[in-house]
Amino acid sequence: MPWVIWITGLPGSGKSTVALSVKKKIPDAVILRIDDLRKIVTPQPTYSDEEREYVYRAIVFTAKTLYKLGHNVIIDATGNKKSWRELARKLIPDFFEVYLKCPIELCMEREKTRVDTHSAPTKIYEKGKKGSHVPGINIPYEEPDKPEITIDTEKESPDMAAEKIVKILKNRT
């Protein structure tokens, strides 16, 4: 039975790195990155609320479609609104929410120094301080109420996080 996991957390919390670590352990999984989708759906993104609504609904639809075709899917997306993650939970029977908890100060430091952005825009927090829409800076990030797993990426490595995620997927009913 296929599954869909949504790895959520602030920009810089480690979502893309953890997604890649999970994929190494489950090579047939498909990673859907919001930043890759956004480049196609909105080639000149404004990051407005309306635009985000379309892009996040599109990633949920894509994940649902791949799931129905029998693929395991990893959504790599901040998903700052609970409503988007809850939409995925409602539409996808084998859905798992993975919350990467990380202090915003550490997220900012990681974002400043990362070499491989995994398609994410650069200098996100710097832009947020200048008025761009950035979760955790000037638009809220709504933490999950009851994720299947919470991982503290300040204390746990991407490989440790992937091990925990894979264990949950293997132990599902």
Original post:
Counting just the residues of region 59-77 that are aliphatic (A, V, I, L, M) and farther than 17 Å from Ile124 by Cβ, which one comes out surrounded by the fewest Cβ atoms within 10 Å (Cβ to Cβ)?
Top reply: Leu69
Subject >> Count of region 139-158 residues which are exposed (fewer than 13 other Cβ atoms within 10 Å of the Cβ) and either on the phi > 0 side of the Ramachandran plot or touching a helix residue (DSSP H, G or I) at 6+ places or on another chain (Cβ under 8 Å) (or both) >> reply: 1
Original post:
Given the conditions (1) free of Cβ contacts under 8 Å to residues at least 40 places away in the same chain; (2) under 17 Å from the mean Cα position of the chain (by Cα), and given that Val73 satisfies all but one, which numbered condition is not satisfied?
Top reply: (1)
**OP:** Please verify whether region 163-172 includes one or more residues that are part of a helix (DSSP H, G or I), out of contact with any helix residue (DSSP H, G or I) (no Cβ under 9 Å at 6 or more places or on another chain) and touching a residue at least 60 places away in the same chain (Cβ under 8 Å).
**Re:** yes
Subject >> Subset of region 1-41 [on the phi > 0 side of the Ramachandran plot and touching a Phe, Trp or Tyr at 6+ places or on another chain (Cβ under 7 Å)] >> reply: Gly9
Original post:
Can you spot a residue in region 97-116 that is within 21 Å of Gly9 (Cβ to Cβ), among the polar types (S, T, N, Q) and modelled with pLDDT under 95?
Top reply: yes
**OP:** Considering each of Tyr56, Tyr99 in turn, give the residue that is assigned to a helix (DSSP H, G or I), buried (at least 16 other Cβ atoms within 10 Å of the Cβ) and not hydrophobic (A, V, I, L, M, F, W, C).
**Re:** Tyr56
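The values are calculated or read from the model by the stated rules, or taken from the named source; none is laboratory data. The structure displayed is predicted, hence computed values, not measured ones. Methodologically, a virtual Cβ is constructed for each residue, glycine included, from the backbone with ideal geometry; neighbour enumeration extends over all protein chains shown.
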